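Inspection log for the structure reproduced underneath, given as structure tokens.
The values are calculated or read from the model by the stated rules, or taken from the named source; none is laboratory data. This is a predicted model, so every value here is computed, not measured. FYI the Cβ positions are ideal-geometry reconstructions off the backbone, even for glycines, and counts take in every protein chain you see. To get the accessible areas, we keep the full protein, side chains included, count just its heavy atoms, and leave off ligands, DNA and RNA. Shrake-Rupley method; radii C 1.70, N 1.55, O 1.52, S 1.80 Å.
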Amino acid sequence: MGRYFVKRVLGTIPLLLVISFLIFMFIHLIPGDPVRNMAGREATTEELENLRESMGFNKPLYQQYFSYLNDLVHGDLGISYKTKLPVSEMMIGRLKPTLKLTFFATLWSTIVGIAIGVLSAVNRGKLIDYLGMLIAISGISIPGFWLGLVMIQIFSVKLGWVPTGGLDTWRSYILPSITLGCGIMAILARFSRSSMLDSLGEDYVRTARAKGQRERLVILRHAFRNSLVQVVTVIGLQIGGLLAGSVLIETVFTIPGLGRLLVDSLAFRDYKVVQALLLFFSFEYILINLIVDLLYGVLNPRIRLK
Amino acid sequence: MQTSTFIDQPIKKAESRAKYYFRKFFQRKTAVIAAVIILIFLFFAIFGPQIAPFDPSLPDYDNLYGAPDAVHWFGTDEFGRDVLSRLLVGTRNSLGVSLASVLIGAAIGTFLGVLAGYYGGIIDSIVMRGSDILFAMPDILLAIAIVAIIGPGIINVVIAVAVFTIPSFARIMRSATLSVKSSLYVEAARSIGCKNSRILWVHIFPSTVQSMIVNFTMRIGTAILAAASLSFLGYGAKVDEPDWGAMLSSGRNYLDIAPHLVYFPGLLIFIAVLAFNLLGDGLRDTLDPKLK
């Protein structure tokens with residue numbers, strides 16, 4: 001078990017290094033002089049040289065990368081060109097709305113997704129099953145930003161029930177959370193249905209039925225509990241992508257979170273911030289995947305024994 | 001009454017594989033409906049400019065933000081242009097971008113995946129680590145990063161979406177290749193002295209095509225969504241170009257006075273993605289039940 005843990009954790013380090021290098025190169029891959037790109041056409045030669053010096057662009061590339069890594073390890077993500085504030089400070093300020101949004105989206109989508117999946121599996125081939133799977137495939141196919149706009153039009157503009165954007169009250173979170181969680185809900189519904197169908201066909205379920213246990217108990221205690229391991233894995237993997245999904249949803253609902261910061265920073269060519277956010281979203285994604293893998297190893301011994 | 005026994009019956013010719021697949025596919029009503037919808041979209045993509053009732057870029061300043069009526073079925077936009085005509089003409093852009101990007105991604109991914117699965121060793125390691133790197137970033141983020149580097153515009157959206165399509169094909173085709181690599185007919189081909197390239201592309205590749213078709217269809221849905229998302233964020237088609245995502249993006253500014261500018265483009269994106277996903281589901285059940 002210990003070896004499996006160490007192997008998986010060590011295996012992630014090269015990936016993190018490669019990703020950090022690619023994201024470091026992001027500024028340099030954009031055509032043209034990176035300093036000119038940030039400062040704009042109006043900047044004088046003196047201003048450009050000062051900026052080049054202060055951002056370390058005058059050093060050789062490999063030195064720049066090592067000092068970037070060194071800063072990273074010390075939690076220094078650089079200074080924003082636009083606001084002159086430390087990037088890490090800007091990100092911390094924006095983290096809360098994004099995390100809250102992700103939490104609410106995960107919460108409702110997990111409950112509703114699993115419920116739809118289990119109900120569909122138990123009623124396989126019946127109307128409930130078809131309806132459940134119709135909801136699921138629609139959830140995967142619907143453009144989140146469009147759903148968000150349609151809901152704003154109906155519930156905010158027409159009915160005035162919730163604010164159109166911003167984060168003034170708890171009600172501001174309702175529409176964005178629904179929008180953000182829609183995809184996961186759909187994926188979970190499909191996944192928990194097939195996982196439930198698998199476990200409903202297992203011998204232990206037949207045994208439980210043969211013993212004369214009530215159907216509800218058979219479903220909940222035997223079939224559902226055993227299908228949960230895989231469902232938990234899917235939830236974990238999806239949360240990783242959710243934070244990045246906030247880029248679109250925060251733009252639609254004008255929420256001052258990390259996703260919105262990315263879009264704004266790109267528009268302002270504030271590349272230090274863009275770089276830091278790309279790094280944050282990718283690292284978060286890789287680490288959540290790692291945690292899910294490790295958890296899966298704990299829950300399912302067959303994996304770690306391979 | 002004539003009694004017929006099993007032995008008396010004439011020997012039926014075995015159903016060809018294609019016929020068998022067709023029969024199985026046509027049993028799935030949702031997939032058939034989805035296929036019909038996709039055909040209609042393809043028709044719009046080809047003949048959109050011809051069947052559009054109005055010139056999609058002709059402004060009409062007397063009829064700004066017009067609600068849907070008998071003349072303009074889907075209403076008019078902020079320049080008085082006919083929304084239906086713009087959507088019909090925009091089909092080519094929106095479907096074209098996703099089809100092109102998935103085609104490119106599928107071609108590169110398939111090539112790499114088949115090579116990795118067949119040769120193994122260092123090629124396999126390089127291809128798989130490469131796809132690990134691409135998989136380490138959420139799709140939409142990777143696409144945004146690529147477009148930020150190479151710049152906005154339709155061609156660049158195609159490249160961005162193609163890049164994040166590559167690893168899924170590489171992985172699927174690798175495992176499909178691995179599963180047929182050690183089969184008897186490949187051994188036979190090798191034993192009669194076939195060259196590696198012939199074994200790869202004549203013997204192994206055709207038997208992996210089924211997995212590719214299924215993934216191809218599914219990825220088109222994802223690509224339409226990704227391309228529309230990029231256009232929505234302003235990295236795709238220009239705002240005045242007839243493109244579903246771009247129309248949605250500009251329409252959101254008039255959500256309170258002309259919601260139809262948001263409703264219709266989004267609805268088309270939704271229907272198109274839904275159709276490709278349903279078709280993908282149907283094809284998977286028909287061609288490759290193991291993938292379920």
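Search the stretch B:173-188 for residues being within 30 Å of B:Thr222 (Cα to Cα) and hydrophobic (A, V, I, L, M, F, W, C), and hand back the single one that is surrounded by the most Cβ atoms within 10 Å (Cβ to Cβ).
B:Met173
Can you name the helices (runs of 4 or more DSSP H) wholly within the stretch B:68-172 that have at least 3 residues being open to solvent by less than 10 Å² (accessible area, probe 1.4 Å)? Give the derivation first.
On the way: elements: B:83-119, B:121-135, B:139-150.
Ranges flagged: B:83-119, B:139-150.
If the Cβ limit is 6 Å and pairs must be 6+ apart or interchain, which residue in the stretch A:159-171 that is farther than 11 Å from A:Thr254 by Cα and aliphatic (A, V, I, L, M) pairs with which residue that is at pLDDT 80 or above and open to solvent by 80 Å² or more (accessible area, probe 1.4 Å)?
Matching pairs, first to second residue: A:Val162/A:Arg171.
Tell me yes or no: at least one residue of the stretch A:24-42 is closer than 24 Å to A:Pro86 by Cα, of a type in the set (Phe, Trp, Tyr) and either touching a Cys at 6+ places or on another chain (Cβ under 8 Å) or open to solvent by 80 Å² or more (accessible area, probe 1.4 Å) (or both). It would help to see each step written out before you state the result.
From the stretch A:24-42, those closer than 24 Å to A:Pro86 by Cα are A:24-30, A:33-40; that's our starting set.
If we keep only those that are of a type in the set (Phe, Trp, Tyr) too, we end up with A:24, A:26.
Those left that are additionally either touching a Cys at 6+ places or on another chain (Cβ under 8 Å) or open to solvent by 80 Å² or more (accessible area, probe 1.4 Å) (or both): none.
There is no residue in the stretch A:24-42 that is closer than 24 Å to A:Pro86 by Cα, of a type in the set (Phe, Trp, Tyr) and either touching a Cys at 6+ places or on another chain (Cβ under 8 Å) or open to solvent by 80 Å² or more (accessible area, probe 1.4 Å) (or both).
Answer yes if at least one residue in the stretch A:128-137 is of a type in the set (D, E, K, R) and not in a helix (DSSP H, G or I), and no otherwise. If you could, list the steps in order and put the result at the bottom.
Filtering the stretch A:128-137 for residues of a type in the set (D, E, K, R) gives A:129.
After this cut, where a residue has to be not in a helix (DSSP H, G or I) as well, the list is none.
Taking every residue of the stretch A:128-137 in turn, none turns out to be of a type in the set (D, E, K, R) and not in a helix (DSSP H, G or I).
Here's a check for you: in the stretch A:43-66, which residue that is of a type in the set (Ser, Thr, Tyr) and open to solvent by 60 Å² or more (accessible area, probe 1.4 Å) is farthest from A:Asp270 (Cα to Cα)?
Taking the stretch A:43-66 and keeping what is of a type in the set (Ser, Thr, Tyr), we get A:44-45, A:54, A:62, A:65.
Checking which are open to solvent by 60 Å² or more (accessible area, probe 1.4 Å) leaves us with A:44-45, A:54, A:62.
Values: A:Thr44: 18, A:Thr45: 19, A:Ser54: 15, A:Tyr62: 22 Å.
Per the criteria, the residue is A:Tyr62.
I need the full set of residues from the stretch B:119-144 which are more than 10 Å from chain A (Cβ to nearest Cβ) and aromatic (Phe, Trp, Tyr), in order please.
B:Tyr119
Quick one: which of A:Val205, A:Val229, A:Val234 is under 17 Å from the mean Cα position of the chain (by Cα), modelled with pLDDT under 85, under 26 Å from A:Val112 (Cα atoms) and surrounded by fewer than 21 Cβ atoms within 10 Å (Cβ to Cβ)? Before the answer, list the steps.
Details: A:Val205 fails: under 17 Å from the mean Cα position of the chain (by Cα); A:Val229 fails: under 17 Å from the mean Cα position of the chain (by Cα).
Within the list A:Val205, A:Val229, A:Val234, the selection yields A:Val234.
Of the residues that make up the stretch A:244-254, is at least one open to solvent by less than 20 Å² (accessible area, probe 1.4 Å) and either over 25 Å from A:Gly144 (Cα atoms) or in contact with an Asp or Glu (Cβ under 6 Å, 6 or more places away or on another chain) (or both)?
So far as the stretch A:244-254 goes, no, none of its residues is open to solvent by less than 20 Å² (accessible area, probe 1.4 Å) and either over 25 Å from A:Gly144 (Cα atoms) or in contact with an Asp or Glu (Cβ under 6 Å, 6 or more places away or on another chain) (or both).
Determine whether the stretch A:165-178 contains at least one residue that is in contact with an Asp or Glu (Cβ under 9 Å, 6 or more places away or on another chain) and within 11 Å of another protein chain (Cβ to nearest Cβ).
Quick first cut of the stretch A:165-178, residues in contact with an Asp or Glu (Cβ under 9 Å, 6 or more places away or on another chain) only: A:176.
From the residues that got through so far, the ones that are within 11 Å of another protein chain (Cβ to nearest Cβ) too are none.
Looking through the stretch A:165-178, none of the residues is in contact with an Asp or Glu (Cβ under 9 Å, 6 or more places away or on another chain) and within 11 Å of another protein chain (Cβ to nearest Cβ).
Table: residues versus (1) assigned to a loop (DSSP other than H, G, I, E, B); (2) modelled with pLDDT of 90 or more.
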residue	(1), (2)
A:Met151	no, yes
A:Ser156	no, no
A:Gly160	yes, no
A:Gly165	yes, no
A:Tyr173	no, no
A:Cys182	no, yes
A:Ala186	no, yes
A:Ala189	no, yes
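Check the stretch A:80-88 and report whether any residue there is open to solvent by 90 Å² or more (accessible area, probe 1.4 Å), more than 14 Å from chain B (Cβ to nearest Cβ) and in contact (Cβ under 8 Å) with a residue 40 or more places away in the chain.
Yes, there is a match, as at least one residue in the stretch A:80-88 is open to solvent by 90 Å² or more (accessible area, probe 1.4 Å), more than 14 Å from chain B (Cβ to nearest Cβ) and in contact (Cβ under 8 Å) with a residue 40 or more places away in the chain.
Counting only residues that are at the interface with chain B (Cβ under 7 Å from one of its Cβ atoms), open to solvent by less than 20 Å² (accessible area, probe 1.4 Å), over 14 Å from B:Leu248 (Cα atoms) and touching a residue at least 40 places away in the same chain (Cβ under 8 Å), how many does the stretch A:136-151 have?
Final tally of qualifying residues: 1.
I need a count of the residues in the stretch B:213-234 that are under 20 Å from B:Gly151 (Cα atoms) and open to solvent by less than 40 Å² (accessible area, probe 1.4 Å).
Our first condition is that a residue be under 20 Å from B:Gly151 (Cα atoms); within the stretch B:213-234, this holds for B:223-234.
Still in the running and open to solvent by less than 40 Å² (accessible area, probe 1.4 Å): B:223-233.
Adding up the residues that qualify gives 11.
Residues B:Ser191, B:Ser207, B:Ser197, B:Ser250: which one is of a type in the set (Ser, Thr, Tyr) and either under 30 Å from B:Pro68 (Cα atoms) or surrounded by 23 or more Cβ atoms within 10 Å (Cβ to Cβ) (or both)? Even if it seems obvious, please write down each step before you answer.
Details: B:Ser191 fails: either under 30 Å from B:Pro68 (Cα atoms) or surrounded by 23 or more Cβ atoms within 10 Å (Cβ to Cβ) (or both); B:Ser207 fails: either under 30 Å from B:Pro68 (Cα atoms) or surrounded by 23 or more Cβ atoms within 10 Å (Cβ to Cβ) (or both); B:Ser197 fails: either under 30 Å from B:Pro68 (Cα atoms) or surrounded by 23 or more Cβ atoms within 10 Å (Cβ to Cβ) (or both).
Sole residue among the options that is of a type in the set (Ser, Thr, Tyr) and either under 30 Å from B:Pro68 (Cα atoms) or surrounded by 23 or more Cβ atoms within 10 Å (Cβ to Cβ) (or both): B:Ser250.
In the stretch A:247-268, which residues are at the interface with chain B (Cβ under 9 Å from one of its Cβ atoms) and either free of Cβ contacts under 8 Å to residues at least 12 places away in the same chain or assigned to a loop (DSSP other than H, G, I, E, B) (or both)? Give the derivation first.
Taking the stretch A:247-268 first, the residues at the interface with chain B (Cβ under 9 Å from one of its Cβ atoms) are A:247-248, A:251-252, A:262-263, A:266-267.
Scanning the stretch A:247-268 gives A:Leu266, A:Ala267.
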